[in-house]
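Student: Pasting a structure here, questions to come.
Each reported figure results from applying straightforward, stated rules to the coordinates on display, with no laboratory input. Remember, predicted model here, so these are calculated numbers, not experimental data. In this analysis, Cβ positions are derived from the backbone assuming ideal geometry, glycine residues included, and neighbour counts consider all displayed protein chains.
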Amino acid sequence: MPVAPDDTASGLRARLTAETGPVTWPELERHFARGRVVHVAPELDLVEVAARMVEDDRDTVSAWIDAGQVGPATDRQARDWQARASRFRAVVAAPWVLVQEDTEE
């Protein structure tokens, strides 16, 4: 059976790239309260992490988690982000909202 273009690895990444955008902490608070915000370290590619999660690439995602590069946002991070009025790049890999803090001013 042929694979639809959006079901290919490159199609998935293109879709996720198109769905990636800026958000502020107040826009993320309700997702954080539901335990759905995942922090992605700045050295990783946000779209690649989202794609690996959608593809259920457990080995790669587990390695990132073990290295502390990917994981659920913590209460400490949330307080810090709120205090600094942080801005983020975000993408949804349902049911998760993956975020990287935007360090560009």
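Student: Could I have the simple spin-label model distance between residue 24 and residue 59, label points 7 Å from Cα toward Cβ, reported in nm to one decimal?
Tutor: It works out to 4.4 nm between the two label points.
Student: Helix-derived [θ] at 222 nm for the chain: sum -39500 (n - 2.57) over DSSP H runs of at least 4, divide by residue count, nearest 500?
Tutor: It lands at -12500 deg cm²/dmol.
Student: For a quick size check, give me the Cα extents of segment 1-92 along its three principal axes, largest first, whole Å.
Tutor: 51, 27, 24
Student: Something else: For labels at residue 13 and residue 43 in the simple 7 Å Cα→Cβ model, what's the distance in nm?
Tutor: The answer from the label model is 2.0 nm.
Student: Please sort by residue number the trypsin sites (Lys or Arg not before Pro) in segment 23-92 whose DSSP state is loop and whose Cβ has at most 11 other Cβ atoms within 10 Å.
Tutor: 34, 84
Student: State, to one decimal in nm, how far the label point of residue 79 lies from the label point of residue 66, with both points 7 Å from Cα in the Cβ direction.
Tutor: Each label point is offset 7 Å from its Cα along the Cβ direction, giving 3.1 nm.
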